[in-house]
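Quick one: the structure is below, questions incoming.
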Amino acid sequence: MTAARYIGRFAPSPTGPLHFGSLVAAVASWLDARAAGGRWHLRIEDVDAPRTVPGAEDAILRTLEALGLAWDGPVVRQRDRAARYAEALEKLRAGGLAYRCRCSRREIADSGVHGIDGIVYPGTCRHAAIPADAPAATRFLAPAGEVAFDDRVQGRVSQRLADDVGDFVVHRRDGLFAYQLAVVVDDADLGVTDVVRGADLLDSTPRQVALQRALGLPTPRYLHFPVATHGGEKLSKQTLAPAVDAAEGLAALRAALAFLGQPVPPAGAPEALLAAAARQWEPARIPRGRARELAPGGAGAYPRGL
């Protein structure tokens, strides 16, 4: 990927402050972009408005700034982009690739077929012709056959969406647009060439590739690194992972580099540390796998001693 063409991004959800798992995503995506001489954009993924925590966005931005993770261009916010998602949804509907669904979660669960990400939707409403004014979600018609891509760390990833996932929601019954549709439209509008993120999203990627193809959008390169776990649980706001303390910024950055299998430059200001790390960045050093357990005191350990 040439420097003139590389465009990356970091897309945190404002459901709480930046924790170590999110910091690893920020560092990995920032280093991959800067090592290629490319751009790194910041997008706030607040499409799921009920989960947004007041003040979380500002806290995330302040932490990134304190750690020297400077972004390019204005911050993009999903809450401002509903019109673009609506355009994409209408294109899917017009092409016969989406339909309205009024099945409840219990009804879907009763179908009893388990896939890679919960119950496989059986297509109950596929030909139901639900009126436009009736409360309903909208599902994307999963394509037949294989959807595959080559991940830069995890290797070849392949799914048969119709069998493994089923037709999936792109517009929710409550009127909110689903993450899968929003992220595809957002990445295309930013011109993103490379997506660097945690492997917890690996199984979602074939759905995004299928949507890209259906909408006539380019498919970026993907790199999914293992997510940080503690006691077998992914670090997240839901598991009460502690916030990264900007006062311990250097320790946090060094721990993130070690977690990613990268050389850790000598201590210095965050900006100097990151610049040196970008010169040494090598994705081939990232451990392969979906998760990596944090061991207190060991390589990749969280600096506050989880």
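The values are calculated or read from the model by the stated rules, or taken from the named source; none is laboratory data. None of these values were measured; they are calculated from a predicted model. We place every Cβ from the backbone using ideal geometry, glycine too, and count neighbours over all the protein chains shown. All accessible areas refer to the heavy atoms of the entire protein, side chains included, with ligands and DNA or RNA removed. Shrake-Rupley method; radii C 1.70, N 1.55, O 1.52, S 1.80 Å.
Counting other C-beta atoms within 10 Å, and keeping those with at most 10, which DSSP coil trypsin sites (Lys or Arg not before Pro) do you find in segment 142-223?
Counting only loop positions with at most 10 other Cβ atoms within 10 Å, none of the trypsin sites (Lys or Arg not before Pro) in segment 142-223 qualifies.
Per Stokes-Einstein, at 20 °C and 1.002 mPa s, what whole-number D in µm² s⁻¹ belongs to segment 130-232, with the Kirkwood radius over Cα pairs as the hydrodynamic radius?
145
Could you work out the Rg to Rh ratio of segment 209-287, with Rh taken as the Kirkwood radius (inverse of the mean 1/r over all Cα pairs)?
Result for segment 209-287 is an Rg/Rh of 1.08.
Measuring from centroid to centroid over Cα atoms, what is the spacing of segment 84-143 and segment 272-292 in Å?
So the two Cα centres are separated by 39 Å.
Moving on. Using the 2.2 N^0.38 Å rule of thumb for compact globular proteins, work out how segment 66-201 stacks up: its C-alpha Rg over that value, please.
Normalised Rg, Cα atoms only: 1.19.
Rolling a 1.4 Å sphere over the protein heavy atoms, what is the accessible area per residue of the chain, to the nearest Å²?
Spelled out: the 1.4 Å probe surface of the chain, per residue, equals 44 Å².
Same structure again: Using 7 Å Cα-to-Cβ label points, what is the Asp80/Ala109 separation (nm, one decimal)?
In this crude spin-label approximation the distance works out to 3.9 nm.
Then there is this: Suppose only helical runs count, i.e. DSSP H with n ≥ 4. What mean residue ellipticity at 222 nm does that imply for the chain under -39500 (n - 2.57) per run, divided by all residues and rounded to the nearest 500 deg cm²/dmol?
Rounded to the nearest 500, it is -9000 deg cm²/dmol.
Would you rank Ile286, Ile116 by solvent-accessible area, highest first, keeping every protein chain in place and using a 1.4 Å probe?
Putting Ile286, Ile116 in descending order of accessible area: Ile116, Ile286.
Next question. Summarise the accessible area of the chain (1.4 Å probe, protein heavy atoms) by the percent that is carbon and sulfur.
Of all accessible area on the chain, carbon and sulfur atoms account for 52 percent.
Please work out how much length the chain gains when fully extended from Asp133 to Arg173, using 0.36 nm per residue of separation minus the C-alpha to C-alpha distance, in nm with one decimal.
13.2 nm
Taking only the alpha-carbon positions of segment 13-87 and ignoring solvent, what does the Debye formula give for the base-10 log of I(q)/I(0) at q = 0.26 Å⁻¹?
-1.28
Which net charge results for the neighbourhood of Ala98, defined as the other residues with beta-carbon distances under 11 angstrom from its beta-carbon, given Lys and Arg at +1 and Asp and Glu at -1?
Neighbour charge sum, excluding Ala98 itself: +3.
Additional query: Relative to 2.2 N^0.38 Å, what does the C-alpha radius of gyration of segment 70-125 come to as a ratio? Two decimals please.
Against the empirical 2.2 N^0.38 Å value, I get 1.67 for segment 70-125.
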